[in-house]
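Take a look at the structure below.
The values are calculated or read from the model by the stated rules, or taken from the named source; none is laboratory data. Fair warning: this is a prediction, and the values are worked out from it, not measured in the lab. Positions of Cβ are backbone-derived with ideal geometry, glycine not excepted, and every protein chain shown enters the neighbour counts.
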Amino acid sequence: MSRNPRFKFRLYVAGDTENSARALSNLRALCGKLLENRHEIEIVDVFREPGRALEDRVFMTPTLVKLSPAPIQRIIGTLSDTESIVQALGFWTLAV
Amino acid sequence: MPATGLSVKAQTGIAGFDEVTGGGLPKGRTTLLVGGPGSGKTIFSVQFLAYGAKVCKEPGIFVAFEEAPKRIVANLRGFNWKLEELQRQKLYFMDAQPMPELIQSGNFDLGGLLAALETKAREIGARRIVFDAMDVLLALLPDEAMRRREMHRLHQWLLDHELTALVTAKAGGQELGSPHEQPFGFMQFMVDCSVILNHRVDQGVSQRNLRVQKYRGCSFNEDESPFVIGKDGFDVAMAHTLGRADAEVSFERVSSGVKRLDTMLGGGYYRGACVLITGFPGTAKTTLSGAFAEAACRRGERTMFVSFDSDGSEVVRNLTSVGIQLARYVKSGHLRMISARTITGSAETLLVRIKSLVKQHKARCLVIDPVSALSKAGNELTAHAVAERLIDWSKSAGITLVCTSLLDEVSGPAANASPLQVSTMADTWIHLNYLVQAGERNRGMSIIKSRGTSHSNQVRELILSDKGVTLADIYTAGGEVLMGTLRWQKESAERVTNEVAEVAGKLKRVCLDAEEAVLEVRAKSLKTELVAKQVEKALLVRTTESRKRELSGGRRRMRELRGADVAKPAKPARKRSGNEPKS
């Protein structure tokens, strides 16, 4: 794994519900703080693209999928618990 | 909110369940299906969907939270539902298992699920939906408030789309009575109908029950209904409800196979009746029912003989010894012998098996030998209800049912009622008994009851011979009932007595004839004698008279000759008294 990998995220949201809005802002804040600009965020609104929710088996919103670096990981919820996310996604490799 | 009347029902196609609920699940509403592991929740719900898709033209979605759809479909392949075929258009299995590596951080909702369902529902035009193992999903939601909120959201979505929904959830087992203790307790209040599946083991025998706990705006059968999972899926046992039309009754008589018994019953059993034959072991219960089966086959009626005691071929062989030939009917296909010894399981299972076999065979006459086998180990509690439903079912199907029932010799004839209390339900009850007398056991047969037919009140002796089954009058003498050899002895003794009496009578007659003849002769001679005497007497009178005449004539002549003065001998005396003679 390179020292500074590029992170690709996909966030599934359910319209502009409170949970979804909070997740998006939490994610942005987190990425801005830890990843600077080495990240991409794709936002999928399951209400607008319900077919994708079905295909990608996203049943709970918001769901964050880390597409790269491997492995692919999923986090559900508003991403309010920063610490667990940092641990889970391997952000710590950067923080050190 | 769309106003779907609760009177509208979505048929489940589950035998018996639609009857319990008066038509099925509430259409356009949500039903909760609760049960322990292995209680049949998935089978129930897939059957509901498959029936909807196949028969009701209501495509459905199956949301699987716990098991992979592929595995579910594979597991249910045993049932004849053609899931693969249905899956092409009318049935969709959605894999909604939570991913194991899922990390949770903060609040979330089921927006994605609803969005996915929305797409799919529109695509296939779904009218039915099943959420299998909702408890798995609920476990992901961190707190009670959230569970409540999400369930309400889901419920609202279902109502908005007017989907008939079935939500299954696991239950611990025992504490089903108190919904508050359940993690999905609030759901009980949210849904319009809730059904509980129960699976327990009594003395090693599996017993499954289904109970409708609530059904808004609709009356339903509140009792636990036993069910079995058979070849076609669920089969819920359903007792006769009051609302159901009575089965058509028939006045047609069918032969019992024993001529004299038919006479005793005033023509035979009624078609469609339930006949109970009770008796101790060896009282010829099987023989009597075999005679019935033979008679039915002879009439060309399809018949089924279910034996719990022995193999079908054994029964056929054994009955040959009493002149009942069943083998040819087995060969011709009229008679089907079922050995139920090999069928294990609860009474409920047996009933379902018997029912489906009878349907398969299209039997009009059914023999169950003995019906008391239903109450074998672990089945005492349900056996009565099963027997009840067996009778009810056979009546509604117009099948003439002959059941034998074993009476426990220990309980003695005092407890004459059959153990399953079938006797109260049976139309005709024939009791077979032993009479031990003078070192012999003889079979006595009596008709205890026979509804709607006049019947003989007499005990008859049942005689089995290689020529068949016959009945004989029993001999009553001095208040004693004689059977068997004693009866034969008594009968022959009577014959001898009769003969002797007859001869004696003849002899007496001859004697009397002789006496009569003697008397007649005597009477004749006396008569002759009488005539002689009479003649003699007449002669005497005549001679006396002529002598008298001669005498008086002689005296006058003498007087004339003497010329003496005429004086009457009596007159001088009178003259002396001074009286003038009148002439």
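Being touching a Cys at 6+ places or on another chain (Cβ under 9 Å), modelled with pLDDT of 80 or more and not aliphatic (A, V, I, L, M): is that true of residue B:497 here?
On the way: touching a Cys at 6+ places or on another chain (Cβ under 9 Å): no; modelled with pLDDT of 80 or more: yes; not aliphatic (A, V, I, L, M): yes.
It is false that residue B:497 is touching a Cys at 6+ places or on another chain (Cβ under 9 Å), modelled with pLDDT of 80 or more and not aliphatic (A, V, I, L, M).
Tally the residues that are more than 7 Å from every other protein chain (Cβ to nearest Cβ), surrounded by fewer than 19 Cβ atoms within 10 Å (Cβ to Cβ), in contact with a helix residue (DSSP H, G or I) (Cβ under 7 Å, 6 or more places away or on another chain) and farther than 20 Å from residue A:19 by Cα, restricting the search to the stretch B:89-101. Spell out the reasoning first.
Narrowing the stretch B:89-101 to residues more than 7 Å from every other protein chain (Cβ to nearest Cβ): B:89-94, B:97-98, B:100.
Remaining after also requiring surrounded by fewer than 19 Cβ atoms within 10 Å (Cβ to Cβ): B:89, B:97-98, B:100.
Right, trim to in contact with a helix residue (DSSP H, G or I) (Cβ under 7 Å, 6 or more places away or on another chain) and you get B:89, B:98.
This time we only want the ones that are farther than 20 Å from residue A:19 by Cα, so: B:89.
Residues in the stretch B:89-101 being more than 7 Å from every other protein chain (Cβ to nearest Cβ), surrounded by fewer than 19 Cβ atoms within 10 Å (Cβ to Cβ), in contact with a helix residue (DSSP H, G or I) (Cβ under 7 Å, 6 or more places away or on another chain) and farther than 20 Å from residue A:19 by Cα: 1 in total.
Quick one: count up the residues across the stretch B:399-420 that are at pLDDT below 80 and either assigned to a strand (DSSP E or B) or out of contact with any His (no Cβ under 6 Å at 6 or more places or on another chain) (or both).
Narrowing the stretch B:399-420 to residues at pLDDT below 80: B:406-420.
From the residues that got through so far, the ones that are either assigned to a strand (DSSP E or B) or out of contact with any His (no Cβ under 6 Å at 6 or more places or on another chain) (or both) too are B:406-419.
The total comes to 14.
So if I check each of B:58, B:67, B:85, B:118, which one is closer than 24 Å to residue A:13 by Cβ and of a type outside the set (Lys, Arg)?
Just one listed residue meets the conditions, B:118.
Among the residues in the stretch B:118-125, are any in a helix (DSSP H, G or I), over 19 Å from residue A:62 (Cα atoms) and either among the acidic types (Asp, Glu) or at pLDDT below 85 (or both)?
From the stretch B:118-125, those in a helix (DSSP H, G or I) are B:118-124; that's our starting set.
Those left that are additionally over 19 Å from residue A:62 (Cα atoms): B:120-124.
Remaining after also requiring either among the acidic types (Asp, Glu) or at pLDDT below 85 (or both): B:123.
Yes, the stretch B:118-125 has at least one match.
Take residue B:272 and decide whether it is over 30 Å from residue B:33 (Cα atoms) and out of contact with any Phe, Trp or Tyr (no Cβ under 9 Å at 6 or more places or on another chain).
Working: over 30 Å from residue B:33 (Cα atoms): yes; out of contact with any Phe, Trp or Tyr (no Cβ under 9 Å at 6 or more places or on another chain): yes.
Spelling it out, residue B:272 is indeed over 30 Å from residue B:33 (Cα atoms) and out of contact with any Phe, Trp or Tyr (no Cβ under 9 Å at 6 or more places or on another chain).
Please give the helices (runs of 4 or more DSSP H) falling wholly within the stretch B:242-351 in which 3 or more residues are crowded, with 23+ Cβ neighbours inside 10 Å.
On the way: elements: B:259-264, B:285-298, B:312-320, B:327-332.
Output list reads B:285-298.
Name the single residue that is farthest from the other protein chains (Cβ to nearest Cβ) among those in the stretch B:107-116 being under 19 Å from residue B:148 (Cα atoms) and of a type in the set (A, V, I, L, M, F, W, C).
Here is the first cut: in the stretch B:107-116, the ones under 19 Å from residue B:148 (Cα atoms) are B:107-114.
If we keep only those that are of a type in the set (A, V, I, L, M, F, W, C) as well, we get B:108, B:110, B:113-114.
Details: B:108: 5, B:110: 6, B:113: 4, B:114: 8 Å.
Among them, the one singled out is B:114.
If you take the residues of the stretch B:118-141 that are of a type in the set (Gly, Ala, Ser) and under 16 Å from residue B:59 (Cβ atoms), which of them is nearest to the other protein chains (Cβ to nearest Cβ)? So that I can check it myself, show each step before the final result.
Within the stretch B:118-141, the subset of a type in the set (Gly, Ala, Ser) is B:121, B:125-126, B:133, B:139.
This time we only want the ones that are under 16 Å from residue B:59 (Cβ atoms), so: B:121, B:125-126.
Details: B:121: 10, B:125: 16, B:126: 13 Å.
Step by step, filter the stretch B:118-141, then rank; the result is B:121.
Out of all the residues in the stretch B:73-80, is one or more over 28 Å from residue B:214 (Cα atoms) and more than 42 Å from the chain's Cα centre (by Cα)?
Scanning the stretch B:73-80 turns up at least one residue that is over 28 Å from residue B:214 (Cα atoms) and more than 42 Å from the chain's Cα centre (by Cα).
Each row is one residue, and each column tells you yes or no for (1) surrounded by fewer than 13 Cβ atoms within 10 Å (Cβ to Cβ); (2) modelled with pLDDT under 80.
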residue	(1), (2)
A:31	no, no
A:36	yes, yes
A:47	no, no
A:50	no, no
A:61	no, no
A:85	no, yes
A:92	yes, yes
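Name the one entry in B:346, B:332, B:356 that is out of contact with any helix residue (DSSP H, G or I) (no Cβ under 7 Å at 6 or more places or on another chain) and closer than 30 Å to residue B:237 by Cβ. Spell out how you get there, then give the answer.
On the way: B:346 fails: out of contact with any helix residue (DSSP H, G or I) (no Cβ under 7 Å at 6 or more places or on another chain); B:332 fails: closer than 30 Å to residue B:237 by Cβ.
It is B:356.
Could you list, ordered by first residue, the pairs with Cβ atoms under 7 Å in which the first is in the stretch B:29-56 and touching a residue at least 24 places away in the same chain (Cβ under 8 Å) and surrounded by 24 or more Cβ atoms within 10 Å (Cβ to Cβ) and the second is in a helix (DSSP H, G or I) and among the basic types (Lys, Arg), at least 6 apart or interchain?
Here the result reads B:33/B:41; B:35/B:41, each pair linking the stretch B:29-56 to a residue that is in a helix (DSSP H, G or I) and among the basic types (Lys, Arg).
May I ask you to list the residues in the stretch B:65-108 that are at pLDDT 85 or above, in a strand (DSSP E or B) and closer than 23 Å to residue B:170 by Cβ?
Listed by number, the residues that qualify are B:93, B:94, B:95.
Return yes when residue B:117 is in the same structural domain as residue B:43 (by TED's automatic domain parsing) and out of contact with any Asp or Glu (no Cβ under 8 Å at 6 or more places or on another chain) and no when it is not. Step through it out loud before you land on a result.
Details: in the same structural domain as residue B:43 (by TED's automatic domain parsing): yes; out of contact with any Asp or Glu (no Cβ under 8 Å at 6 or more places or on another chain): yes.
Against the criterion (in the same structural domain as residue B:43 (by TED's automatic domain parsing) and out of contact with any Asp or Glu (no Cβ under 8 Å at 6 or more places or on another chain)), residue B:117 qualifies.
One residue is enough: does the stretch B:499-518 have a residue meeting the conditions under 30 Å from residue B:425 (Cβ atoms), free of Cβ contacts under 8 Å to residues at least 40 places away in the same chain and among the acidic types (Asp, Glu)? Write out each step before concluding.
Residues of the stretch B:499-518 that are under 30 Å from residue B:425 (Cβ atoms), as a first pass: none.
No: the stretch B:499-518 contains no residue that is under 30 Å from residue B:425 (Cβ atoms), free of Cβ contacts under 8 Å to residues at least 40 places away in the same chain and among the acidic types (Asp, Glu).
Show the residue pairs meeting these rules: Cβ distance below 7 Å; 6+ apart or different chains; first residue within the stretch B:443-459 and more than 17 Å from residue B:278 (Cβ to Cβ); second residue of a type in the set (Ser, Thr, Tyr) and modelled with pLDDT of 85 or more.
B:452/B:270
Filter the stretch B:189-205 down to the residues that are buried (at least 17 other Cβ atoms within 10 Å of the Cβ) and of a type in the set (S, T, N, Q), then identify the one that is farthest from residue B:220 (Cα to Cα).
Among those that are buried (at least 17 other Cβ atoms within 10 Å of the Cβ) and of a type in the set (S, T, N, Q), it is B:198.
With (1) at the interface with chain A (Cβ under 7 Å from one of its Cβ atoms); (2) touching a residue at least 24 places away in the same chain (Cβ under 8 Å); (3) over 30 Å from residue A:83 (Cα atoms) as the list, and residue B:104 as the residue in question, which single condition is left unmet?
Against the list (1) at the interface with chain A (Cβ under 7 Å from one of its Cβ atoms); (2) touching a residue at least 24 places away in the same chain (Cβ under 8 Å); (3) over 30 Å from residue A:83 (Cα atoms), residue B:104 comes up short only on (3).
Can we say residue B:491 is closer than 29 Å to residue B:257 by Cβ, without any contact (Cβ under 8 Å) to a residue 60 or more places away in the chain and either in the same structural domain as residue B:445 (by TED's automatic domain parsing) or exposed (fewer than 10 other Cβ atoms within 10 Å of the Cβ) (or both)? Full working, then the answer.
On the way: closer than 29 Å to residue B:257 by Cβ: yes; without any contact (Cβ under 8 Å) to a residue 60 or more places away in the chain: yes; either in the same structural domain as residue B:445 (by TED's automatic domain parsing) or exposed (fewer than 10 other Cβ atoms within 10 Å of the Cβ) (or both): no.
Here the answer is no, as residue B:491 does not meet what is asked.
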